[in-house]
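Novice: Next up is a structure, given as structure tokens.
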Amino acid sequence: MLTLDLSDKCALITGATGQLGRTMVRTLATAGADVVIHYHNNRDMAQQLCDQVQAMERQCMIVQADLTKSDDIEAMRQQVEQNMRSPDIIVNNAVIQYDWTTVLTQDLADYESQFRSCVLQNVMMCQAFVPAMIQRGFGRVIGINTECTMQASPTQSAYVAGKAGMDRVLRVLAKEVGEHGVTVNQVAPGWTLSEDAPESDSGLAYAKNIPLKRRGNDQEIANAVAFLASDLANYITGVYLPVCGGNVMPAI
Ligand SMILES: NC(=O)c1ccc[n+]([C@@H]2O[C@H](COP(=O)([O-])OP(=O)(O)OC[C@H]3O[C@@H](n4cnc5c(N)ncnc54)[C@H](OP(=O)(O)O)[C@@H]3O)[C@@H](O)[C@H]2O)c1
């Protein structure tokens, strides 16, 4: 039988308290991983998730950090290494939310914050955690991107500028660290259903143009993350994997 087994692995998920992150936490723990739950403000959700993971008899800890700050990331690395161990898997999932508007009216501060949230989060997380993966000869970096990066639709400029920059950083990193057994991939959700984002009229209209004729859900995103984290994906690196029912299709 083919199994997806993360039982000897430790996974750190940033933005684990968000609508997609929390399902990634439960899914990686279900696959056997010990989990580090990162949060920014929502400590209650982090604690709830931690209780759920411990009920599965996995090790778990929660860490607070503002991922736009290198000092916070370094403090997080030290806490994780002292209280658990250096993660085999990092999922760079956190995002700063802001109000989308046109290029001509978007506040410059939003471009800077998306650069920090998308590009620098990935750079700083990798600088903190990938060296130990290289030493062990095994690691998984999974960045959460978006279908929006390919669509470049009106009002999304700050977000897709950040996510496109993140994409380029992670492709370069995949080439730089592949020889050490570290893979670097991205999962790119479409507009996803979750407990915080149930179906809506605008969601149904969006789904009409999707080849699979429905929106995906948080579990389907987490399943792709679990697959890329597992040994089943040993020979996959540098991939931008849309999980959006075919709404965008990278060209070859
Ligand atoms: N949801 C979708 O339909 C969708 C579609 C495409 C792509 N994505 C991508 O999927 C990922 C997760 O999105 P989501 O919808 O789950 O987001 P979300 O529900 O808004 O959650 C955002 C997460 O990021 C954390 N966060 C916010 N600012 C932070 C900061 N300065 N430092 C550290 N952490 C911070 C939040 O922590 P606290 O809650 O603890 O404050 C929260 O855990 C993102 O990368 C997003 O671009 C989502």
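Coordinate-derived values only; no laboratory data. Predicted model only: the values in this text are computed from it and were never measured. Quick reminder, even Gly has a Cβ in these numbers, built from the backbone with ideal geometry, and neighbours come from all protein chains shown.
Novice: List the helices (runs of 4 or more DSSP H) that sit entirely inside segment 34-135 and contain at least 3 residues that are more than 16 Å from the ligand (Cβ to nearest atom) and farther than 25 Å from A222 by Cα. So that I can check it myself, show each step before the final result.
Specialist: Values: elements: 43-55, 70-83, 108-114.
Filter on segment 34-135 gives 70-83.
Novice: Search segment 7-22 for residues being more than 14 Å from A226 (Cβ to Cβ) and hydroxyl-bearing (S, T, Y), and hand back the single one that is farthest from the ligand (Cβ to nearest atom).
Specialist: T14
Novice: How many of the residues making up segment 175-190 are surrounded by fewer than 18 Cβ atoms within 10 Å (Cβ to Cβ) and in contact (Cβ under 8 Å) with a residue 24 or more places away in the chain? Talk me through it step by step, then tell me what you get.
Specialist: Step one: list which residues in segment 175-190 are surrounded by fewer than 18 Cβ atoms within 10 Å (Cβ to Cβ), which gives 175-176, 178-181.
Filter once more, keeping what is in contact (Cβ under 8 Å) with a residue 24 or more places away in the chain: 175, 178, 180-181.
So the count comes out to 4.
Novice: If I ask for residues that are closer than 16 Å to M24 by Cα and either over 13 Å from the mean Cα position of the chain (by Cα) or among the acidic types (D, E) (or both), which ones from segment 203-226 would you list? I'd like the intermediate steps shown before the answer.
Specialist: If we filter segment 203-226 for residues that are closer than 16 Å to M24 by Cα, which is where we start, we get 216-226.
Scanning segment 203-226 gives G216, N217, D218, Q219, E220.
Novice: State whether one or more residues within segment 14-33 are in a loop (DSSP other than H, G, I, E, B) and closer than 16 Å to F129 by Cα.
Specialist: yes
Novice: Continuing with the same structure: Kindly list the number of the only condition in (1) under 26 Å from Q97 (Cα atoms); (2) away from the ligand (no atom under 12 Å from the Cβ) that fails for G181.
Specialist: It is condition (1) that G181 fails.
Novice: Applying the selection to segment 133-144, what residues are in contact (Cβ under 8 Å) with a residue 12 or more places away in the chain and either surrounded by fewer than 24 Cβ atoms within 10 Å (Cβ to Cβ) or hydrophobic (A, V, I, L, M, F, W, C) (or both)?
Specialist: Matches in segment 133-144: M133, I134, R136, G137, F138, V141, I142, I144.
Novice: Look at N209 and say whether it is in contact (Cβ under 8 Å) with a residue 24 or more places away in the chain and within 28 Å of L2 (Cβ to Cβ). Before you say what the answer is, go through the steps one by one.
Specialist: Numbers: in contact (Cβ under 8 Å) with a residue 24 or more places away in the chain: yes; within 28 Å of L2 (Cβ to Cβ): no.
Against the criterion (in contact (Cβ under 8 Å) with a residue 24 or more places away in the chain and within 28 Å of L2 (Cβ to Cβ)), N209 does not qualify.
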